[in-house]
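See below for the structure under consideration.
The values are calculated or read from the model by the stated rules, or taken from the named source; none is laboratory data. This is a predicted model, so every value here is computed, not measured. Glycine also receives a Cβ, built like all others from the backbone with ideal geometry; neighbour counts cover every protein chain displayed.
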Amino acid sequence: MRRRIIPDVVHEQNVLSLGPEATVAEACVAMKRRHVGSVLVIDQERLCGIFTERDVVNRVVAEGLDPRKTVLAIVMTRNPDSIAPNSSPIEALRMMHDRGYRHLPVIAEERVVGIVSRRDFLGDEKMQLEEETRYWQRI
């Protein structure tokens, strides 16, 4: 089996990004239009946060905030974890599984080069992670 690396997953990817001053409503419209579950928040060409569909539910709707008036800077996850482009898919999946998130920015030399989500990976990679998890649970 060929070992795929992150650049294979994010090849020619056009990442959805907005500035921290964008509203939640703008982010939601953009996510719907692009059929994605997250927006990378970029300030002065650097990643400063991520805003996901979970954030819409937990940080906006459940808190009674107005999506048309609430800016991403208030409800985004600041300084999100990221992964290097030369990382393996299993490393990305393991990080997402262990830390409880579904989207992971890919950063090279302090620049966003893509984003991976759990759904980007093949069944073989997911099966490997499940086998590792079962192994460590037995120990």
Scan of the stretch 52-68 for residues that are within 15 Å of S82 (Cβ to Cβ) and touching a Cys at 6+ places or on another chain (Cβ under 9 Å), ordered by number:
none
Among (1) among the hydrophobic types (A, V, I, L, M, F, W, C); (2) touching a strand residue (DSSP E or B) at 6+ places or on another chain (Cβ under 6 Å); (3) closer than 19 Å to D43 by Cα, A92 falls short only on (3)
Evaluate the following for D55: is it without any contact (Cβ under 8 Å) to a residue 12 or more places away in the chain and among the acidic types (D, E)?
no
Any hit, the stretch 63-77, residues being part of a loop (DSSP other than H, G, I, E, B), at pLDDT below 95 and surrounded by 12 or more Cβ atoms within 10 Å (Cβ to Cβ)
no
Could you give me the residue pairs with C-beta distances under 9 Å whose first residue belongs to the stretch 1-25 and is surrounded by 12 or more Cβ atoms within 10 Å (Cβ to Cβ) and part of a loop (DSSP other than H, G, I, E, B), whose second residue is modelled with pLDDT of 70 or more and among the acidic types (D, E) wherever it lies, and which are 6+ apart or on separate chains?
G19/D43; P20/D43
Residue among V39, V57 that alone is surrounded by 12 or more Cβ atoms within 10 Å (Cβ to Cβ), aliphatic (A, V, I, L, M) and either at pLDDT 95 or above or part of a helix (DSSP H, G or I) (or both)
V39
